[in-house]
1. What distance in nm separates the two pseudo spin-label positions at Glu29 and Ser113, each 7 Å out from Cα along the beta-carbon direction?
2. When the chain is fully extended, how far beyond the present Cα-Cα distance does Arg120 get from Thr48, taking 0.36 nm per residue of separation?
3. Modelled label-to-label distance, Asn88 and Ser129, 7 Å Cα→beta-carbon offset: nm?
4. Going Cα to Cα from Lys30, which aspartates and glutamates come in below 15 Å? Please leave out same-chain ones fewer than 8 positions away.
5. Grab the Cα-Cα distance for Asp95 and Val147, subtract it from 0.36 nm times how many residues apart they are, and report the gain in nm with one decimal.
6. When Lys and Arg each count +1 and Asp and Glu each count -1, what net charge do the other residues less than 15 Å away from Gly98, Cβ to Cβ, add up to?
7. Per-residue HN-Hα couplings for the stretch 142-147, Karplus 6.51 cos²θ - 1.76 cosθ + 1.60 at θ = phi - 60°, whole Hz, x for Gly and Pro?
8. Amide H neighbours of Thr35 under 5 Å, at least 5 residues apart or on other chains, H built in the peptide plane: list them.
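The values are calculated or read from the model by the stated rules, or taken from the named source; none is laboratory data. Just so you know, these numbers come straight off a predicted model, no measurement behind them. So basically every Cβ, Gly included, is an ideal-geometry build from the backbone, and we count neighbours across all protein chains shown. Areas reflect the complete protein model, heavy atoms only, side chains present, ligands, DNA and RNA absent. Shrake-Rupley method; radii C 1.70, N 1.55, O 1.52, S 1.80 Å.
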Amino acid sequence: MKRTSIFFLLISLLLSCNETKKDIIPSMEKVIFDTDMGPDFDDVGTITVLHSLADGGECEILATLSCNSYPSIAPTIEALNRFYGKENLPIGVPDKTGVNFTANNNWNDSLLSKFAPDLRFKTDYPIASEVYRKILSQQPDNSVTIV
């Protein structure tokens, strides 16, 4: 009698755990990526991880923004977004008072020259604060993570 009771208890616990898993659907994290993408390569790794997470359904990238006004930063972001098949992601740049620097080896310029020459001198990006305002106004409060 005791074995039967324990057996049914274990089965009901397993079934209830399984039902709980099915009923809980995690919400997809919404992300805005804000980067300087110039002085070193760490942001390339970050945007790669974000795109991989998005491809796996673990997050949704809402926008990719630059906090660096160096001319090749936004085109570099656009080239990386294109590489991951997300060419329609909004890209924003700081106003002209933003910082303006890149690595001494100008890797951004080299990347563009080799892989996206059509973006090399592109400058018609919206101001990042306007992109923030537009994207965030379309989302519920406290629902977006800025990376």
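1. 3.7
2. That pair, Arg120 and Thr48, stretches by 23.9 nm at full extension.
3. According to this spin-label approximation, the distance is 2.9 nm.
4. In chain and number order, the partners are Asp55, Glu58, Glu60, Asp141.
5. Gain in length upon complete extension: 16.7 nm.
6. Once positives and negatives cancel, what remains is -3.
7. Listing the rounded values in order: 6, 10, 10, 9, 9, 10 Hz.
8. Long-range HN contacts for Thr35: Leu65, Ser66, Cys67.
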